[in-house]
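The structure appears right after this line, and notes come after that.
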Amino acid sequence: MGDYCIYTDPEKCIACHACEVQCKVKNNVPRGANLGQLVIMGPKLVNGVPKMSSVFIPCFQCENAWCVNACPTGAIRRREKDGIIYIVEELCVGCKACILACPWKIPQWNSKTGKVIKCDMCMDRIDEGKIPACVAACPTNALQFGRPETISSQTREAYGLNLLEKNLVG
């Protein structure tokens, strides 16, 4: 896994699709393709009430990425400094090997260019000290961007505090 990840807090997500829209606009993604996708599940009964749940799925920036290994031209690469996987568009020959190799079908076909595109976590924005466009667009702060160990620690702490609060109040 790379140095960064994008995490969705399903309790805060309202499934507005702002993350998808901003990603498509920022990266000029053609119709029919999504670099990151909001997956909506439900409704499911929770305490007798129907509830929807959603999570945004960007590229996972795999440690041993199938897409990188499948690319015959070396167009898909892992950035040394932070592990972000990106595509050098000039080297892509449009063979689609990466699309077939990725178990999550993250690389997408760009019908306008005849080449593959994929989420690179907006590495240009990261290099400028900004967060990815999808995270910046989220109106409820349901998306978090950071290092996996930091997000994991924050998530566990919030869960623990929630449990303690329920026990003290209830």
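Only the coordinates and a few stated rules stand behind these numbers; no lab work does. The structure presented is a predicted model; accordingly, all values stated were derived computationally and were not measured. With ideal geometry, Cβ positions are generated from the backbone for all residues, glycine too; neighbour counts draw on all protein chains shown.
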- Query: Taking the Cα centre of the stretch 57-156 as the origin, how large is its charge dipole in debye, to the nearest 20, when only Lys and Arg (+1) and Asp and Glu (-1) carry charge on their Cβ atoms?
  - Reply: 260 debye
- Message: Would you work out the Kirkwood radius for the stretch 103-155? I mean one over the mean of 1/r across all pairs of different Cα atoms, in Å.
- Response: 13.2 Å
- Would you work out which of CYS92, PRO43, PRO107 lies farthest towards the positive end of the dipole of the chain, given +1 charges on the beta-carbon of Lys and Arg and -1 on that of Asp and Glu, about the Cα centre? PRO43
- Any chance you could get the radius of gyration and Dmax over the Cα atoms of the stretch 1-80, in Å? 16.2, 54
- According to a simple spin-label model (label point 7 Å from Cα along Cα-to-Cβ), what is the distance in nm between GLU128 and GLU149? 3.0 nm
- With +1 on each Lys and Arg Cβ and -1 on each Asp and Glu Cβ, and nothing else charged, work out how big the dipole of the stretch 1-132 is about its Cα centre, in Debye to the nearest 20. 480 debye
- Item | HN-Hα J in Hz across the stretch 110-124 - Karplus 6.51, -1.76, 1.60, θ = phi - 60°, x for Gly and Pro | 9, 5, 6, 9, x, 9, 8, 10, 7, 5, 10, 6, 6, 4, 5
- What residues qualify as long-range amide H neighbours of LYS115, i.e. H under 5 Å apart, gap of 5 or more or another chain, H built at 1.01 Å from N? ASN110
- Note on the structure: With only helices counted (DSSP H, runs n ≥ 4, each -39500 (n - 2.57)), the per-residue ellipticity at 222 nm for the chain, to the nearest 500, works out to -8500 deg cm²/dmol
- Per-residue HN-Hα couplings for the stretch 9-25, Karplus 6.51 cos²θ - 1.76 cosθ + 1.60 at θ = phi - 60°, whole Hz, x for Gly and Pro? 8, x, 6, 9, 6, 10, 6, 7, 6, 4, 4, 5, 4, 5, 4, 5, 5
- Any chance you could run the full-extension gain for VAL88 through ASN28? It's 0.36 nm times the residue separation minus the Cα-Cα distance, nm to one decimal. 20.0 nm
- Message: I want to check a number: in the stretch 89-149, how many lysine pairs have alpha carbons closer than 17 Å, given a sequence separation of 8 or more or different chains?
- Response: 6
- Item | P(r) of the stretch 75-118 over all Cα-Cα pairs, binned every 10 Å from zero, in whole percent | 28, 56, 15, 0
- Item | Set of lysines near LYS166 by C-alpha distance (under 27 Å), chain-local residues within fewer than 8 positions excluded | LYS12, LYS44, LYS51
- Task: Please express the shape of the chain as an equivalent ellipsoid: the semi-axes are the square roots of 5 times the eigenvalues of the C-alpha gyration tensor, given largest first in whole angstrom.
- Result: 32, 18, 15
- Note on the structure: Expected vector for the stretch 47-59, Karplus 3J(HN,Hα) from phi with 6.51, -1.76, 1.60 and θ = phi - 60°, integer Hz, x for Gly and Pro, equals 6, x, 10, x, 9, 9, 9, 9, 8, 8, 10, x, 5
